[in-house]
Every structure is written in C-alpha cells, then in structure tokens.
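Peer 1: Before I ask anything, let me first share the structure, which is written out below as structure tokens.
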Number of protein chains: 2
Amino acid sequence: MVNVEHETAPEALAFRDEEGNVNPTFLASVSEAIADGNAENLRRLAAPLHEADLGALIEALDYDDRPRLVALLGSDFDFAALTEVDDAIREELLESIPNANIAEGVRELDVDDAVYILEDLDEADKAEVLEQLPPPERVALQRSLDYPEDSAGRRMQTEFIAVPPFWTVGQTIDYMRETEDLPDTFYEIFVVDPAYQLIGTVPLDRLLRTKRPVKISDIMNEDQHLIEATDDQEKAARLFQRYNLVSCAVVDEAKRLVGVMMVDDIVDVIEEEADEDLKALGGVKGDEELSDTIWYTVRSRFPWLFANLVTAIVAANVIHLFEGSIQQMVVLAVLMPIVASIGGNAGTQTMTVTVRALATQELRRSNTWRIIRREVAVGICNGVGFAIILGTVAVVWFGIRDLGFVIGLAILTVLSVAALGGILIPLTLNRLGVDPAVSSGPFVTTTTDVIGFFAFLGIATLWFGLS
Amino acid sequence: MVNVEHETAPEALAFRDEEGNVNPTFLASVSEAIADGNAENLRRLAAPLHEADLGALIEALDYDDRPRLVALLGSDFDFAALTEVDDAIREELLESIPNANIAEGVRELDVDDAVYILEDLDEADKAEVLEQLPPPERVALQRSLDYPEDSAGRRMQTEFIAVPPFWTVGQTIDYMRETEDLPDTFYEIFVVDPAYQLIGTVPLDRLLRTKRPVKISDIMNEDQHLIEATDDQEKAARLFQRYNLVSCAVVDEAKRLVGVMMVDDIVDVIEEEADEDLKALGGVKGDEELSDTIWYTVRSRFPWLFANLVTAIVAANVIHLFEGSIQQMVVLAVLMPIVASIGGNAGTQTMTVTVRALATQELRRSNTWRIIRREVAVGICNGVGFAIILGTVAVVWFGIRDLGFVIGLAILTVLSVAALGGILIPLTLNRLGVDPAVSSGPFVTTTTDVIGFFAFLGIATLWFGLS
C-alpha cells in the first residue's frame, strides 16, 4: 500500500455544530482573525455566510469584537445580518458605524430590511443616512418610514411585479426574462388596472403550468386578501395565518397597490407577538432581551415588582384586621398562605387561558358567556376537591376538627372567586383598551390574596368565636 | 327624480364582520338552513367558503348543528376545514361521520392535511378508513403516519416536482404544462440524481426569469437546507425561521427526497409552540382549548394546583417552626406574605426569561454563565431597592425601627435567591430532559416561599430574641 501525501485544501469549517449552535472552533478562528486585524482571513470565513448565520456570529462574538468585525469586513459586510440580531446589539453596532457606511450598506437591501435597520436610528442620524442615498431609494425608504410603527407599511417590500390583465402568459414570462431590475424573491405576480388598483393575483406555479397564449385575466385569482399599509402588522399576521398565504398585496388608502408583505416577516411577527404575551404574563417587558444591560433590566423589572408590592400590602392589611384572632390561634398564620397561594394559582390558570384566547381572537362576544360559565364551574369543581383535601390535611396536622370545615369553606370561596376574577379582569381590561397580558396579573393576585385571607381568617373568627 | 325598482340579485352576505368575526347574520342564515334541513340553501352559503372560513363557521355553530352541517353538505363538505378547527371539535365531529365518508373526504386532500385528520382517530377507525382508500393514497398516508408524532414526516406533503440536472428550463416548463397531476401549490422544484438524492433546488421565480435553453444545473441552489423526516417539527420550524424559507425538502434516512414541508404548516408549529410554553408557565396544559368540557378542564388543571398545594404545605411548615415568634410578635404574620410574594414574583420574572430563552435557543452553553451573573446582579439591585422601600413602609406602619432592618435584610436575601433559583431551576430541568416550561413553576415558588418565610421569621427571631 502506497501512502501518498496530498496537498489537501484547508478543510472548510462548519459554521454550526450538531446542536445548531455556532461552532466554537469557527468562532475561535473569527476572534483570532479580528484580534490579528487579518481582514483577508476574516473575509474568507465570514463573507460567504448566510445573513442569518452572520447575525448569529455577531451575537456570539465578544462585545468589543462586533464593531471590529464590521469595520474589517468593510464593503463585504452584509447589512441584512443586522436584521437577525437582538435590538440592543443592532443599536450598539449602528452607533459604531459611520453614517456614510450605513447608507452604503442599506442601499443593497430590500426596502423592508432597510427600514427595519433605519427605524431605530435617532432622527438626526436617520436624516443623514437618507440624505446620502440616491433619490429613488430615498423616496421609497422615506415613504415606508412615514407609516406608523408596527404597521404593514413598515414591513412591506416595495418591489413587485404588476402586469395588465390583457397580457398573455407568454408576454409575462418574456417580460420577466428581459427585465433586469426584478425583486429578489417573489411568489406571485399582481394584475392591476391602469389606476394601479389590484384586480387579481397569479401564483407563480400557475403561471408555469399554463400555456403561453392564455390570457392573464383567465388564470388570475380574483378574490384577494388585501392589507392596508396602515394596518397593524398583527392584523396582517392573522390574515396570513388564516388563509395560509406566502405573500400578500399591500394597498394605500386609495386602494392602489404599493407593496407586498412576505411570509418570512410574518413568521417573525407571530413569534414576537406570542413572545410578548408570554413575557408580559411572567411580569417581564416584551422587549427584554438577553443582551440587555443589568441596569436596563433592573429598571425594566422594577415596576412590575412594585405593583406586586402594592397588592401584597393591600393583602397584608386584611391580615392586620385579624391580628387578634391570629394571636389567639396562631395556627391560622400557618395555614393562611396556603389558601392564598392555591387561589392565586387557580386565578393565574384562568387568566392565562383568557389572555391567550383574547390574543388569538378565539374569545369572541358570541362565546364569552359560555366561557365564563365554564370557568366558574371548573373553579367550583376544583374548589370542592381541594376543600376536601386541605380540610383533611388540616384536621390530621393540627387535630382540630372544625379547622377542616373552616379551611374547606375558605378554599371553595377563593377558588370560585379566582375563576371569576381570572376571566372578568382580563376581559374588562381588554374592553377598556388596556393590554390584558401586561396588566391582569397584579389585579388577579390582589383579588385572590384579599379574598383568600379574608375568607379564611373571617370564617375562622366567626366559627371559633375569636375576637 | 324617477324611482326605478330594480330586480336586484340577492345581496351576497359577507362572511366576516368588520372585526374579522363570523358575521352574525351569516351565521343565523346557516343555522336556519340547518334547522330547516334546507341542503340547497346551506350549500349556496357554505360551499364557496375558504377552508379556513368553513372551519370558523363550524366553531361558531351550536354543538348539535355541526354534524348536521357536515351531513347536509354531503360531498360538498371540504374536509380541509377540519384542519382549521380546535382538536376537541374535530374529534367529536369525526366520531359522527361514517368512516366511508371520511375516506371519501380525505382522498381529496393533500397528504399532510389527510394525516392531520387521520392521526387523531383510534386505531380501528384509522385502519377502516385507510382500507377504503385506493392503494396509492393508502400507501402514501400510511408512510406518513408511520413517522413519529410531531415529526416532520407527519407534516410533509408527499407530492413535489423533481427533475434531473441536465434538463433545460424550457424542458422543465413544458413538463409542468403537460403533466396533469402536479401538486396543488409549490414554490420551488427539486433537482435529483438517479438515486433520488437531492442535489439542488430552483425557486420558481428564478425559473421564470431564465431563458429556455439554460440548464437546470446552471441555475440551481446547491447549498440546501434539509429536514429529516424523523426530525421534530420544532427543529424544522427553527430552520424555516432562521433562513426565511417558504418550503424545504424532507429526506429519509438514506437522504432520498420523500417530501416537502411548507411554510404555512410551520407557521402553525411556531404558534403552537409559543402557545404551549405560555400556557405551561401559567399552569395550564398546552392542549387545553376553549371547546374542552368542564370535566376535562377540571382534571387537566388539578395536577398543577395539587403540585402547588404541596409546595404551599412545605412553606407552611417553615411558618409552623416559628409559631412561638409569631405569638410574641403578631406583626410578623402580617408582613411575612409580603416577603414571600415579592420573592415569588421576582423568581417568576427570571424563570420566564430563562424558559423563553431556552425555547428559542438564545440561551446556549457559551452565554449561560454571563446570564446567570446578570440575573443575580439584577436580583441584588432590585433587592437593595425593595429592602429600602419595604423597610421604610414597615417602620412607618408599625413604628418599630428594627423591623425595617429585619424585613430589608430578608427581602435582599429572598430576591437574590429568587434570581438564582429562577435561572438554575429551569436550566437544571432542561439538562435532565424535563420540559422547563411545564415544571419550573412549583419548584421556583417553593424555593422563594421557603426562603422568604425562613429568612424573615428567622432573622426576626434572632434580632428580637424571640421564643
């Protein structure tokens, strides 16, 4: 056997490891190239990356290495990667990049990505960047930026293919083959009248299956789903989700076609929305990110804890009322947190279901009463169950028979009230236009704590004839 | 002015009202048609609906009207609507439909939709339905059903277009124009070798922009993202999200192309996943739906409340230890729930952020230590803040100066421990392979309650020389 030594090409480093994390060896090579200021090596490693991977690389790098990566890559840095990183990281990074380079970088992007990057800049920087763009790009970006935050207009692409209905399939395909400046990606073409009003859409697969002489008007879908540019992005997301869309036309107030929303942006909206609700229920602001500073996090979490402190003090006042009873029968102090705790947890269960059903629009006027009845019935059933369990525990633990009745009655009361509060509080907040995910928690906890302490200590005071 | 009476066509009823809910007038007409057994009217109203709208209609109807709608519509009932309704409603409805009709109905569907409907049937019914299908459909469905639950194989479409690399664009377009049996919707075509291994993909827009004589191999994307049929659907969702895909090839263990996943299914997976985490954190099972019965809901919520009862009893035992101190100084009973409550809320904040970061894979081995340090630092900062606030409140309220020091020290302790528990508990559960969203809550609450009561009552006992 002959052993031949090959001049092997340097083995390409995989960007991600088995688990989908950034490969530590790859990361180390990048950090080294940055430390050495070796632009050539860095370019070889980072320039071919997909924008999502480049974004993940930026997030994985040390704080100080991020702006140096951008500087070293120069014009090879793909600004689309900035749409893939945490907000805090993007904002920090943009501050370190000269406005002229930002202008250079966003020129290459689709309008929706460029807007995503520019919208977080302060007004002065934004104006300076826009000024350095050629008029057509500047006008397109400015128009998108003029739409309200979180509106469909901010997330739409302004490049799309629109053809008149009397064209044939052949003409349309030839037009696409000969036009240089087509959008990067598209899944359907739009059919418009001379006033640019949308009259139909043709999915690309249908265009490909149809013979050249057929007219566009004969194969277009006439019933379309439309998004208005001023619509909230969540409304657009519901439409995509409901009708399984991959792209959707965006129109202005005169119903003229102005852009197209793509499903990949919608996927981000859906994830963001669920994320915000989840964090809000846990008492954390929706925009909190792992990359936030300690001080920012402290200030962001403080208000929720403070609201809960106020509710806890309200509940403590109820206990204060019954100090005499507790002094006479100190076991009440041992058991009272149990009553309040189960009440709080049951209230949270109902509240969670209600908040989610409101967000997904499953809870509607038509089924509200049915759901309220169901929740109260569930509360009463679990109330009876836990009254028996906890009543037995109390009797066995402290050997006082009547204590079982007292705590059982208190549990039944608090679980019924918890169910009612858990659904009525978010419903009411929602009707008042307040986000129920953010605000329901303290109200529900106050209700269950106050009712829990009051029911247990009050019933005990009466039953045992305490002062 | 002349008043002309027109013979107006009956105005088409809008299916949805302004808010996007099912239009009550439309619903009333449908209910009436069902009550009258008027199949013709019903068909006129319901048959033209999009599957999503038909699903919404079914959900809005009274319980008994649902199977009657399906029966009256007969072969005009679009079974795809069943993929758009709550699980509980689908299961009930399927029980009321004869297996022969189910077989008839699912034949018309894409494989992924058919699987979605069949997978919930019990084994006997499933076998009976499959038996009544023609062999090609049966084999395709059976193969998908053989993949594990929640795997990509269950959610893939098995119809796709695959061409050899040496074909030209023209040949490919002609093939699509002449083939009858193409998939309903597709966004890219796959390029395979003779062994059906995937060697590239061509997005439809690129096919349309390219001139007829160009070879497919010259325009295909060679670096593809692949999903294995046995992969969990959440893994597939991360891939779609990361790389902004609209469809993605699914391969078997021999890397042969077996299907394609579409982004609309992925959107559902992402929503479902966030939904499950959100509900789990609120102590509700992920599959709980508004349409569930009272008794099912009671049984589904009981275990969580029971787990919390156990943790509350553990915490009560701590209070039990200090009964003597409370009897001597009953104000401790008034203040102790405040300490436990703030600790619980702070622990929940950290836990929420941790659980979410684990789900979205933002929390990785590489940044775990940094995040633990950050959380503890946040806990200490908020601890100092609330120690001062609550200490002042206690002194002002009860006029005992030393009580301020005692409660302040207790608050600082519990908030530091809450931060540590809030991140270490979900991390540990995750390493042990337990879903942290479902199980962290009771552990975190027990920790904060026990530490809260112990710190406050313990420090008070020592400081004031009680019992």
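What follows draws every value from the coordinates through simple rules; no lab data is involved. Everything numeric in this text was worked out from a predicted model, so none of it was measured. For neighbour counting, all protein chains shown are included, and Cβ atoms are generated from backbone atoms with ideal geometry for every residue, glycine included.
Peer 1: Highest mean first, what order results for B:324-335, A:326-337 on Cβ atoms within 10 Å?
Peer 2: Put in order of decreasing packing, that is A:326-337, B:324-335.
Peer 1: Using alpha carbons only, how many degrees (0 to 90, rounded to 10) separate the axis of helix B:263-281 from the longest principal axis of chain B?
Peer 2: The answer is roughly 20 degrees.
Peer 1: Let me ask something additional. Quick one: if you stick a label point 7 Å off each Cα along the C-beta vector at B:E222 and A:E137, how many nm between them?
Peer 2: A separation of 3.1 nm, rounded to one decimal place.
Peer 1: What is the helix-to-structure angle for B:51-60, meaning the angle in degrees between its Cα long axis and the longest Cα principal axis of chain B, kept from 0 to 90 and rounded to the nearest 10?
Peer 2: Once rounded, one gets 50 degrees.
Peer 1: Using the Cα centre as the reference, give the magnitude of the dipole from point charges on the C-beta atoms of segment A:294-463 (Lys, Arg: +1; Asp, Glu: -1; all else neutral), rounded to the nearest 20 debye.
Peer 2: Charge dipole, segment A:294-463, about its Cα centre: 580 debye, nearest 20.
Peer 1: Restricting to DSSP H runs of at least four residues, report the calculated mean residue ellipticity at 222 nm for chain A, -39500 (n - 2.57) per run over all residues, nearest 500 deg cm²/dmol.
Peer 2: Calculated mean residue ellipticity at 222 nm is -20500 deg cm²/dmol.
Peer 1: Angle between the Cα long axis of helix B:135-146 and the longest principal axis of chain B, 0 to 90 degrees, nearest 10?
Peer 2: 10 degrees
Peer 1: A further question follows. List, shortest first and in nm to one decimal, how far the label point of B:Q197 (7 Å from Cα along Cα→Cβ) is from its counterparts in the other copies.
Peer 2: Label-point separations across copies, in nm and ascending: 5.6.
Peer 1: Give the long-range amide H neighbours of B:T168: residues separated by 5 or more places, or on another chain, with amide H under 5 Å away, using H modelled in the peptide plane at 1.01 Å from N.
Peer 2: Residues meeting the criterion, in which the H sits 1.01 Å from N, are B:I216.
Peer 1: If you don't mind, another one. So for the protein assembly as shown: antiparallel DSSP bridges make up what percent, rounded to the nearest 5?
Peer 2: If we restrict to bridges inside the protein assembly as shown, about 75 percent are antiparallel.
Peer 1: B:I389 label points, 7 Å along Cα→Cβ, one per copy: pairwise distances from this copy to the rest in nm, shortest first?
Peer 2: 3.3
Peer 1: Can I ask one more? Normalised by the number of residues in chain A, what is the relative contact order in percent for Cα pairs under 8 Å and 6+ residues apart?
Peer 2: For chain A, the relative contact order is 10 percent.
Peer 1: Which residue, A:T168, A:T446, A:A394, has the largest displacement toward the positive end of the dipole of chain A when charges sit on each Cβ (Lys, Arg +1; Asp, Glu -1)?
Peer 2: A:A394
Peer 1: Right, something else. Taking the dipole about the Cα centre of chain B, with the C-beta of Lys and Arg at +1 and of Asp and Glu at -1, give me whichever of B:N308, B:T413, B:A359 is farthest to the positive side.
Peer 2: Final value for the positive-end residue is B:T413.
Peer 1: Which order do the peptides A:66-75, A:31-40, B:270-279 come out in when sorted by mean C-beta neighbours inside 10 angstrom, highest first?
Peer 2: B:270-279, A:66-75, A:31-40
Peer 1: How large is ³J(HN,Hα) for each residue in segment A:189-205, as worked out from phi by the Karplus curve 6.51 cos²θ - 1.76 cosθ + 1.60 (θ = phi - 60°), to whole Hz, x for Gly and Pro?
Peer 2: Once θ is set to phi - 60°, the couplings for segment A:189-205 become 10, 9, 10, 10, 8, x, 8, 6, 7, 6, 10, x, 9, 10, x, 4, 5 Hz.
Peer 1: Then there's this: Averaged across B:306-318, how many Cβ atoms of other chains sit within 10 Å of each residue's Cβ atom?
Peer 2: What the average comes to for B:306-318 is 5.
Peer 1: Just to be sure I understand the curve: with the Debye formula and one point per C-alpha of segment B:71-193, what is log10 I(q)/I(0) at q = 0.12 Å⁻¹?
Peer 2: Result of the Debye calculation: -0.53.
Peer 1: Using a Cα-Cα cut-off of under 30 Å, which lysines could be cross-linked to B:K235, ignoring same-chain neighbours fewer than 8 residues away?
Peer 2: A:K235, A:K279, A:K285, B:K126, B:K255, B:K279, B:K285
Peer 1: Hey, got the average number of other protein chain Cβ atoms within 10 angstrom for residues in B:367-380?
Peer 2: 3
Peer 1: I need the fraction of alpha carbon pairs in the protein assembly as shown separated by more than 52 Å, rounded to a whole percent.
Peer 2: 26 percent
Peer 1: Let me have the relative contact order for segment B:40-87, percent, based on Cα pairs under 8 Å that are six or more residues apart.
Peer 2: That works out to 56 percent.
Peer 1: Using a 10 Å cut-off around each Cβ of peptide B:179-185, what is the average number of partner chain Cβ atoms that fall inside?
Peer 2: Across B:179-185, the average partner-chain Cβ count within 10 Å equals 2.
Peer 1: Now, a different point. Along Cα-to-Cβ, 7 Å out, sits the label point; list in nm, shortest first, how far the one on B:A254 is from those in the other copies.
Peer 2: Distances between equivalent label points, in nm: 6.1.
Peer 1: Below 18 Å, Cα to Cα, which aspartates and glutamates can B:K211 reach? Residues fewer than 8 away in the same chain don't count.
Peer 2: Cα-Cα hits under 18 Å: A:D174, A:E178, A:E180, A:D181, A:D184, A:D205, B:D174, B:E188.
Peer 1: Further, regarding this structure: log10 I(q)/I(0), Debye, Cα-only chain A, no solvent, q = 0.06 Å⁻¹?
Peer 2: These q points yield log10 I(q)/I(0) values of -0.45.
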